[in-house]
2 protein chains.
Amino acid sequence: MMLQGQRLRGVARMAPLWRRTMTTGAAPLDASKVKITRTKTPSKPKPNDELVFGKTMTDHMLTVEWDRTNGWAVPEIKPYSKLSLDPASCVFHYGFELFEGLKAYRTPDDKITMFRPDMNMKRMNKSAARICLPTFDSQELITLIGKLIQQDKHLVPQGTGYSLYIRPTMIGTTDSLGVSVPDKALLFVIASPVGPYYKTGFKAVRLEATDYATRAWPGGVGDKKLGANYAPCILPQLQAAGRGYQQNLWLFGPEKNITEVGTMNVFFAFQDKNTGKKELVTAPLDGTILEGVTRDSILELARENLDPNEWEINERYYSINEVAERAAKGELLEAFGSGTAAVVSPIKAIGWQGKDIDVPLLPGEQSGPLTKQLASWIAAIQYGKEKHGNWSQVVADLK
Amino acid sequence: MMLQGQRLRGVARMAPLWRRTMTTGAAPLDASKVKITRTKTPSKPKPNDELVFGKTMTDHMLTVEWDRTNGWAVPEIKPYSKLSLDPASCVFHYGFELFEGLKAYRTPDDKITMFRPDMNMKRMNKSAARICLPTFDSQELITLIGKLIQQDKHLVPQGTGYSLYIRPTMIGTTDSLGVSVPDKALLFVIASPVGPYYKTGFKAVRLEATDYATRAWPGGVGDKKLGANYAPCILPQLQAAGRGYQQNLWLFGPEKNITEVGTMNVFFAFQDKNTGKKELVTAPLDGTILEGVTRDSILELARENLDPNEWEINERYYSINEVAERAAKGELLEAFGSGTAAVVSPIKAIGWQGKDIDVPLLPGEQSGPLTKQLASWIAAIQYGKEKHGNWSQVVADLK
């Protein structure tokens with residue numbers, strides 16, 4: 001319903017220019033140029049039990065403006081403050097927005113580390129390229145986030161399960177109602193001290209297998225961390241909540257394949273009754289599945305640490321019908337979501353066709369044994385108790 | 001990758017409250033309460049040839065805040081100005097945004113009318129409900145838009161093809177990184193004086209039939225005017241532009257059904273060689289198609305005015321293969337996009353499987369006869385030369 005012709009001619013003319021400035025010419029993102037303005041009123045850390053996820057924010061933020069002609073401007077770390085944007089900015093109208101979520105942890109030797117930030121930066125660049133927002137050198141943004149954390153290091157909470165949640169975000173700021181490739185953008189990073197997902201161990205959740213709403217599809221953007229993938233999933237979640245389920249287990253296609261849970265990836269563990277062999281399974285990265293960093297870490301740790309005579313680790317299609325049938329045969333062992341916040345989130349029941357498929361838990365506990373094991377492996381790396389390649393990267397120093 | 005458990009428990013608790021305040025309790029949108037602050041520096045109208053769609057804006061804007069507890073606040077008409085928003089606002093992260101596009105016209109008797117604004121308001125409420133943003137009384141917003149136009153009436157351009165493009169927008173403003181039902185929102189309306197789509201008659205466009213990217217999916221939100229539907233379509237448009245096509249003709253499914261073109265609905269006209277009967281066809285509203293006001297108007301005018309002995313008017317599935325086959329047989333008469341900006345936008349060729357399907361045009365002209373006829377019927381109603389029910393609604397007075 002736009003001035004289609006005008007903008008199309010515009011985009012057609014613009015395309016070669018856009019490609020050129022994406023690859024050469026305009027200034028790259030450069031962490032060494034950062035300008036730091038410290039707050040005059042630094043806050044004191046809140047008690048751990050008063051931290052509210054994504055609501056308690058740190059004192060500073062990082063902003064970097066971009067425009068097609070000049071490229072990335074001087075990065076600024078400055079007191080957390082409101083953004084001032086023209087109401088015609090394309091982020092308000094056409095969904096030019098993407099984000100990442102990652103965490104920073106205090107280590108026993110007083111460093112602050114981030115968990116696999118290179119994976120988040122790589123995904124952020126893929127998200128940006130998919131909606132024609134500018135890309136950047138991953139290491140430069142990691143360095144800048146480190147400098148941001150350094151300003152607010154006293155606000156990185158202490159204690160097992162506590163961390164600093166970091167939210168890099170990019171929005172299109174072109175102030176014109178024509179739908180076109182944004183010629184201006186803003187990259188910003190804000191941070192929120194957060195507590196453990198489960199204050200006292202796990203709390204297994206109940207899911208509704210959902211086939212009346214579709215989260216993502218082939219040829220769409222379900223594998224990118226775009227704003228577009230989130231708002232449409234809230235109403236189905238409310239509908240599931242009204243039936244007593246905390247989250248949607250997203251199915252896809254006539255096969256009712258399992259794709260994700262809520263905003264997490266999902267894993268199932270089965271055991272073949274005949275052979276005794278166990279299998280850990282998750283959906284393959286076919287463009288409809290978010291390329292979760294925790295998902296990737298779980299697969300790698302499972303492949304490294306689980307006995308291959310006992311376990312198969314598979315990325316394959318599997319349906320809610322397979323889950324229902326294998327549960328009925330006693331072959332369903334465990335199920336859990338995986339994501340940055342909870343690492344693993346155990347599942348205790350799945351509503352499907354008016355009945356609940358029960359997922360076994362350890363007696364008197366809120367997870368199965370594999371779920372627990374995987375969570376502890378990852379936590380040990382995140383909190384600096386174990387080393388795993390370069391998964392934990394030092395980004396700031398507490399001393 | 002969010003603090004899934006926390007927010008789920010939050011949403012589960014919140015749902016009944018949310019439903020309650022949506023229907024009762026909190027204040028409704030009330031146009032009679034509007035507070036008007038006029039600019040101290042009113043602008044002069046630009047010459048018609050300097051108007052840039054969506055870039056030249058009027059002097060005033062309408063804003064109305066909403067929160068779950070209090071409902072709709074006092075509407076404000078005030079000088080056009082930047083929005084100031086917390087960087088954690090959910091509009092920047094999770095795509096909580098929707099919009100409408102409609103036009104106001106000067107009539108021969110010095111009124112300003114809007115074309116079928118009730119249709120846009122109805123659709124805006126459907127968009128809002130789909131992503132859990134607040135709904136409102138349609139007539140109240142129409143009245144408020146009228147008052148906004150009244151402030152800037154001198155900026156509604158004169159001349160055939162000129163109009164005021166109006167952009168009602170709603171964004172979620174909850175400043176928390178938890179993905180949840182927004183408890184705060186902002187409705188705003190801005191306006192842009194615009195020129196005719198085609199300054200000198202039609203200019204037919206070339207489309208690329210696109211099956212490598214998918215605009216919308218059953219169970220998705222393709223029928224709603226959400227930001228989520230727009231940004232992901234820009235990259236495929238650039239790819240098509242690189243091959244010499246101005247827009248994507250969006251196909252769906254293994255049948256390669258035709259759904260939309262760019263951000264417009266699309267119509268095809270065929271003639272059966274055996275029977276001589278003509279058919280005007282567009283895709284049915286199955287949840288993947290935007291419920292276009294122009295689409296609806298074209299269907300209604302065609303059903304009222306075209307001879308039923310000569311024409312069938314059908315909303316049905318049809319594929320690019322059908323178009324290719326019928327073009328080869330000489331049965332393809334015309335094709336055009338439909339939308340608020342261009343009303344109808346004629347198509348002259350469609351790239352498919354490495355070849356162009358040519359669409360006939362009138363000799364020496366840029367459209368077929370039906371396309372031209374439909375455009376003139378609608379223009380006559382929009383510019384107040386013909387009356388059609390309550391399609392043209394007076395919203396302001398130039399005197």
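The values are calculated or read from the model by the stated rules, or taken from the named source; none is laboratory data. Being a predicted model, the structure only gives us computed values, none of them experimental. For neighbour counting, all protein chains shown are included, and Cβ atoms are generated from backbone atoms with ideal geometry for every residue, glycine included.
Within the range B:135-194, which residues are within 19 Å of the chain's Cα centre (by Cα) and hydroxyl-bearing (Ser, Thr, Tyr)?
If the condition is that a residue be within 19 Å of the chain's Cα centre (by Cα) and hydroxyl-bearing (Ser, Thr, Tyr), then B:Thr135, B:Ser138, B:Tyr162, B:Ser163, B:Tyr165, B:Thr169, B:Ser192 are the ones that fit.
Determine the pairs where a residue that is under 12 Å from B:Ile357 (Cβ atoms), located within the range B:324-336, has a partner that is at pLDDT below 95 with Cβ atoms under 7 Å apart, the partner being 6 or more residues away or on another chain.
none
Can you pull out the residues in the range A:271-283 that are free of Cβ contacts under 8 Å to residues at least 40 places away in the same chain and part of a loop (DSSP other than H, G, I, E, B)?
A:Asn274, A:Thr275, A:Gly276, A:Lys277, A:Ala283
Output yes when any residue across the range B:351-363 is more than 26 Å from B:Asn257 (Cβ to Cβ) and either in contact with a helix residue (DSSP H, G or I) (Cβ under 6 Å, 6 or more places away or on another chain) or at pLDDT 95 or above (or both), and no when none is.
yes
Could you please give the count of residues in the range B:86-136 that are under 26 Å from A:Val91 (Cβ atoms), touching a helix residue (DSSP H, G or I) at 6+ places or on another chain (Cβ under 9 Å) and of a type in the set (S, T, N, Q)?
3
Looking at the range A:356-399 only, could you name the residues that are exposed (fewer than 14 other Cβ atoms within 10 Å of the Cβ), touching a Lys or Arg at 6+ places or on another chain (Cβ under 8 Å) and within 26 Å of A:Ala269 (Cα to Cα)?
Hit for the range A:356-399 is A:Asp358, nothing else.
Taking the range B:36-82, which residues are of a type in the set (Val, Ile, Thr), loosely packed, with under 14 Cβ neighbours inside 10 Å and farther than 26 Å from B:Leu133 by Cα?
Within the range B:36-82, the subset of a type in the set (Val, Ile, Thr) is B:36-37, B:39, B:41, B:52, B:56, B:58, B:63-64, B:69, B:74, B:77.
Now restrict to residues that are loosely packed, with under 14 Cβ neighbours inside 10 Å: B:37, B:41, B:69, B:74.
B:Thr37, B:Thr41 - these are the residues of the range B:36-82 that are of a type in the set (Val, Ile, Thr), loosely packed, with under 14 Cβ neighbours inside 10 Å and farther than 26 Å from B:Leu133 by Cα.
Among the strands (runs of 3 or more DSSP E) lying completely within the range A:295-355, list those that include at least 3 residues that are surrounded by 18 or more Cβ atoms within 10 Å (Cβ to Cβ) and within 14 Å of another protein chain (Cβ to nearest Cβ).
A:332-339, A:343-352
Among the listed residues B:Asn229, B:Asn265, B:Asn248, B:Asn257, identify the single one that is touching a Cys at 6+ places or on another chain (Cβ under 8 Å), at pLDDT 95 or above and crowded, with 19+ Cβ neighbours inside 10 Å. Break it down into steps so the answer makes sense when it comes.
On the way: B:Asn229 fails: touching a Cys at 6+ places or on another chain (Cβ under 8 Å); B:Asn265 fails: touching a Cys at 6+ places or on another chain (Cβ under 8 Å); B:Asn257 fails: touching a Cys at 6+ places or on another chain (Cβ under 8 Å).
Being touching a Cys at 6+ places or on another chain (Cβ under 8 Å), at pLDDT 95 or above and crowded, with 19+ Cβ neighbours inside 10 Å holds for just one of B:Asn229, B:Asn265, B:Asn248, B:Asn257, which is B:Asn248.
Determine whether the range B:55-65 contains at least one residue that is more than 14 Å from every other protein chain (Cβ to nearest Cβ) and among the β-branched types (Val, Ile, Thr).
Checked the range B:55-65: no residue is more than 14 Å from every other protein chain (Cβ to nearest Cβ) and among the β-branched types (Val, Ile, Thr).
Regarding the range A:105-115, can at least one residue be identified that is at positive phi, crowded, with 17+ Cβ neighbours inside 10 Å and either outside any strand (DSSP E or B) or within 8 Å of chain B (Cβ to nearest Cβ) (or both)?
no
Would you check if there is a residue in the range A:17-29 being of a type outside the set (D, E, K, R), crowded, with 18+ Cβ neighbours inside 10 Å, at pLDDT 95 or above and not assigned by the TED database to the domain that holds A:Gly146?
yes
Checking B:Gly364 against (1) part of a helix (DSSP H, G or I); (2) at positive phi: exactly one of these is not met. Which one?
(1)
I'd like the full set of residues that are in a loop (DSSP other than H, G, I, E, B) and among the polar types (S, T, N, Q), limited to the range A:367-380. Before you say what the answer is, go through the steps one by one.
Going residue by residue through the range A:367-380, those that are in a loop (DSSP other than H, G, I, E, B) are A:367-368.
Of everything in the range A:367-380, just one residue is in a loop (DSSP other than H, G, I, E, B) and among the polar types (S, T, N, Q), namely A:Ser367.
Would you say A:Phe268 is farther than 22 Å from A:Ala204 by Cα, touching a residue at least 12 places away in the same chain (Cβ under 8 Å) and of a type in the set (A, V, I, L, M, F, W, C)?
The answer is no for A:Phe268.
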